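Bear in mind these aren't lab numbers, they're just calculated from the coordinates by the rules spelled out. Small disclaimer: the values here were computed from a predicted structure and weren't measured. Here the Cβ is made from the backbone with ideal geometry for all residues, glycine too, and neighbour counts use every protein chain on show.
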Amino acid sequence: MESTSNLLVRIKNKVSEKFGGWLLEALLGIIGTALLGWLVLARHWLFAEWACITKPWCEVSGWSLGVLIADATVTTCAAILLGSLWYRMRRRVRRKVAEPTTRERVTPQFHDIEVEDKRLNLRWYIRRPPHEWLHWRNINRTISPDAVQQVLDGPFHSVRTCNAPLPERLLTGLINEVTRTSPLLGEECSNCGQRVYQGTAGSGAKVWAVRAYALEELQRMQRNGTRLPEGQWSPPIVLENPQYWRLMVPPDAATDEQSLVLVPQDVYLEATEDATIEYKRKLRVVLRNGSNREIIVRRPTWRTDTGDIPVRPHTLGWDLESGHGWSSKRWRGTGQPEVTAQVGQVFCTWIGLTPTADEDDVRRRAVTRHLGTLVVPLTIDGQSQTQAIRL
């Protein structure tokens with residue numbers, strides 16, 4: 001109703017302006033025509049009267065004087081009206097020239113929009129106006145990673161005095177270079193050293209997928225009523241439930257034993273000086289089946305991040321608990337690639353360390369959780385999953 005009223009007012013003003021212009025033009029036309037006709041008809045009389053005026057002894061009187069005064073008055077008024085019309089027309093032309101057309105109108109300047117992930121303490125920045133990307137579909141599969149990053153920049157570590165971008169680790173190998181595989185997102189902040197998240201797949205989350213899932217979550221929130229401004233400042237937008245939360249969990253999530261299938265029991269240094277043993281320094285990691293079901297654990301891998309304990313790469317396997325109990329530190333088996341663990345059963349694996357490793361260093365790193373990450377693929381209830389245990 002209000003928009004209709006405003007439209008009627010604008011129409012009225014426009015009609016009034018045009019009618020006034022037409023009326024003034026018609027009036028000037030009539031005056032100009034009458035004046036021209038008068039000059040044509042009375043030119044001889046006017047010339048005679050002007051000749052009389054230029055002579056000092058000649059006087060103009062009677063009706064001739066009245067006609068001359070009236071003629072001078074009409075001419076003066078016509079000149080004023082004509083000048084007013086000319087001035088208004090020049091202003092109107094200048095305004096039209098200076099006024100941009102609809103296509104040339106300048107759109108409001110877009111301001112970056114902050115996006116917060118309160119669960120993982122991450123921050124993103126929307127760099128492009130929403131109308132440029134809200135229509136995208138299946139972003140993770142159909143839109144190039146470069147185009148997505150131009151729209152959504154991040155993630156950054158959203159803690160006070162940091163706000164550094166999370167590191168991205170490129171995958172090496174010919175296949176990864178040819179297929180242009182997504183880099184992995186580092187789990188630790190390269191600036192402050194804090195652990196930001198833990199990957200549920202046993203390694204860092206893929207950067208391209210995480211960024212695409214964050215943008216898809218913003219699209220979903222916009223469809224549900226969240227306002228994404230086009231050209232003015234906006235308060236930070238808080239992500240509600242992005243899909244990348246399935247790939248990334250808080251760094252302390254693994255400390256909740258009830259959520260784990262494999263529960264760490266012990267970690268210690270096993271050292272020997274026996275010349276017949278190749279690995280004289282071993283990091284033993286003891287695990288327990290903390291679920292209430294039988295599980296199958298397969299060959300684990302060890303992942304080392306920046307600042308973790310130096311290791312000697314080798315193939316890992318499983319050793320089983322002996323009859324003396326796991327606390328006796330006596331194990332049976334020769335590194336089996338796969339074992340079936342009953343409820344509560346304990347088993348272990350070992351990682352080869354450099355000859356310089358000592359008990360003090362292992363103990364300190366165990367306290368600060370800077371030994372490394374044990375990645376264990378397993379099967380429970382017929383479902384395959386991977387558990388990453390940060391030590």
Loop-resident trypsin sites (Lys or Arg not before Pro) in the stretch 220-251 with no more than 15 other Cβ atoms inside 10 Å, DSSP not H/G/I/E/B, are R227
Phi angles of the stretch 225-241, converted by Karplus (6.51 cos²θ - 1.76 cosθ + 1.60, θ = phi - 60°) into ³J(HN,Hα) in whole Hz with x for Gly and Pro, give x, 6, 8, 10, x, 9, x, 9, 5, 9, x, x, 9, 9, 5, 9, 7
The summed charge of the T306 Cβ neighbourhood (under 11 Å; Lys/Arg +1, Asp/Glu -1) stands at -3
Which cross-chain or sequence-distant (5 or more) residues have an amide H under 5 Å from the amide H of I113, H modelled 1.01 Å from N in plane? I126
With H157 itself left out, Lys, Arg at +1 and Asp, Glu at -1 over residues whose Cβ is under 10 Å from its Cβ give 0
Could you run the Karplus curve 6.51 cos²θ - 1.76 cosθ + 1.60 with θ = phi - 60° over the stretch 366-377 and give me ³J(HN,Hα) per residue in whole Hz, x for Gly and Pro? 5, 5, 8, 6, 10, 7, x, 10, 9, 10, 10, x
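Filter the trypsin sites (Lys or Arg not before Pro) in the stretch 104-143 to those in DSSP coil with at most 13 other Cβ atoms within 10 Å of their Cβ, and list the result.
Numbers: sites: R105, K118, R119, R123, R127, R137, R141; in loops: R105, K118, R119, R127, R137.
Passing both the DSSP loop test and the Cβ count: R105, K118, R137.
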